[in-house]
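Read the structure below first, then the notes.
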Amino acid sequence: MPNSREEVFVGAPIMEVIKASIADAVGLEPGDTLLSINGQPVEDLLDYQFYSQDDNITLVIEKKNGETWSVDIEKDFDDELGLLFEGVVFDRIRLCRNRCMFCFIDQMPPAMRETLYVKDDDYRYSFLFGNYITLTNLSDDDWNKLESMRLSPLYVSVHTTSGPLRQQMMKNPRAAHIMEDLQRLKQAGIQVHTQIVLCPDLNDGQELVKSINELADLYPSVQSVGIVPVGLTGHRDKLPHLRTFTAQEARELIEEVNQWRNTFRSRFGIGFVYLADEFYVKAGIPVPPADYYDDYSQIENGIGLIRLFMDDWQEIKRDLPNQIDPVQVFLITGESARTVMQTVAEDLNRVKGLGVEVIVVPNQYFGGGVTVTGLLTGTDIINCLQDNYRGKKVVIPEVLLQEGSTMLLDNITLEEIASRTGVVIRTTDGSARSLVEAVLY
């Protein structure tokens with residue numbers, strides 16, 4: 001595999017040229033490839049946006065007929081060139097070099113979509129989309145780019161601030177330098193949202209106390225800490241032994257974190273540490289009110305999703321009709337969302353003529369302790385529905401689907417589910433309003 005940026009660089013393929021734009025005026029076309037701007041290779045969308053801001057720029061273009069053009073452009077600062085690309089990375093995605101003992105991808109069942117097995121660890125996806133990265137695979141060029149472009153905020157999987165323990169958990173010597181890496185980001189003026197995947201008997205207890213305190217010492221560069229429970233499937237052959245949290249341990253952790261949060265709110269004006277919704281579900285405790293989550297900075301981690309939905313639901317349900325023509329609807333969900341969806345069903349059933357039931361689908365495909373709705377497969381849904389709901393309306397969350405398609409994780413489509421079970425499928429984007437529309441219309 002190539003190791004240098006030059007070996008893998010192929011340019012930025014142009015997907016579209018906006019009509020009447022600068023790029024259109026100089027003769028650029030879809031199918032051309034942008035190679036460089038002012039001598040700087042364009043390896044990703046960040047390069048394009050950063051280098052194209054200058055008043056005077058020179059583009060090197062490889063035309064779709066193989067010719068190479070050098071195009072000089074004089075424009076106002078920040079004028080857009082009018083180029084659109086497919087994707088955001090044009091060289092190659094940075095892959096993970098760790099072998100984390102809790103890695104979810106290593107625990108996935110076989111025969112799923114190939115892209116699901118790709119272990120990305122790319123700082124550009126962190127900046128653009130909120131993906132969590134480990135900082136263990138950054139080259140000198142990567143660090144220089146991070147610092148010169150001041151790519152902030154980033155989302156970093158810390159897990160522990162103890163160098164030796166992090167190296168043990170991630171099986172990568174570079175993982176031990178996390179505090180030095182975070183200090184470097186701080187010096188560069190880059191803000192960071194951090195994540196701790198909490199594993200009982202490993203990085204919890206006093207190790208967690210130490211990690212939280214050391215991350216707090218880096219505030220305001222470190223803006224938040226999200227704590228999520230380790231996820232374990234039934235496919236952990238030859239992987240290190242790990243266990244999940246008990247309900248009692250979840251309750252104790254919630255109480256401990258609340259104490260820390262009181263301290264941080266006094267120091268920083270925010271709670272700083274945020275627990276995943278799964279801890280509250282496990283503990284049998286309602287999720288906190290909205291002010292717990294401050295600006296929902298950890299929403300990319302799924303922290304606060306239940307509260308956002310429930311607050312949205314409280315508003316939406318006021319506009320439910322009093323009566324509709326008789327219809328029966330079934331809501332597909334995972335075990336972890338059972339209580340929330342049952343509450344929603346109770347509210348919907350107050351509408352005369354409407355009958356709503358919740359179908360909690362066991363996740364047998366992943367096995368283990370996987371209960372989240374987003375990891376349900378077509379196989380699980382078909383096995384659960386069988387032939388018992390033929391002709392009935394069934395609502396399935398779009399979070400189960402590949403973006404832009406009707407395919408679930410196991411390559412089964414919504415059309416196949418409908419064909420094999422006889423149900424009428426409606427989908428919802430996860431919002432309360434979308435759910436109401438799927439149920440009523």
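Readers should treat all values here as calculations from the given coordinates under stated rules, not as data from a laboratory. The structure displayed is predicted, hence computed values, not measured ones. We place every Cβ from the backbone using ideal geometry, glycine too, and count neighbours over all the protein chains shown.
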The chain, Gaussian network, Cα under 10 Å: of GLY27, GLY355, GLY367, the residue fluctuating most is GLY27
Once the in-chain neighbours fewer than 8 apart are removed, the lysines whose Cα is under 27 Å from LYS64 read LYS19, LYS75
So, R0 is 25 Å and r is the distance between the beta-carbons of TYR296 and GLU403; what FRET efficiency does that work out to, to 0.05?
0.70
Under the helix-only model (-39500 (n - 2.57) for each DSSP H run of 4 or more, divided by the residues of the chain), the mean residue ellipticity at 222 nm, to 500 deg cm²/dmol, is -9000 deg cm²/dmol
Placing one equal point scatterer on each C-alpha of segment 5-85 and summing with Debye, one gets log10 I(q)/I(0) at q = 0.11, 0.12 Å⁻¹ equal to -0.24, -0.29
If I model a spin label as a point 7 Å beyond the Cα along the Cα-Cβ vector, how far apart are those points for SER266 and VAL26 in nm?
5.9
Mind checking which lysines have their C-alpha under 18 Å from LYS238, skipping anything on the same chain fewer than 8 residues away?
LYS171
Place a +1 charge on the Cβ of each Lys and Arg in segment 284-441 and a -1 charge on the Cβ of each Asp and Glu, then give the dipole magnitude about the Cα centre in debye, rounded to the nearest 20.
660
What net charge do the residues around GLU255 carry, taking every other residue with its C-beta under 12 Å from that of GLU255, with Lys and Arg at +1 and Asp and Glu at -1?
-1
Packing-wise, with mean Cβ within 10 Å as the measure, how do 185-191, 332-338 rank, highest first?
332-338, 185-191
Fewest first, what order do HIS159, HIS177 take by the number of other Cβ atoms within 10 Å?
HIS177, HIS159
Let's see if you can work this out: charge +1 on each Lys and Arg Cβ, -1 on each Asp and Glu Cβ, no other charges. What is the dipole magnitude of the chain about its Cα centre, in debye to the nearest 20?
1800
Over the chain, what is the mean sequence separation of C-alpha contacts under 8 Å (at least six apart), divided by residue count, expressed as relative contact order in percent?
9
Write out the cysteines belonging to the chain for which the nearest other cysteine Cβ is not under 4.7 Å, or none if no such cysteine exists.
CYS96, CYS199, CYS384
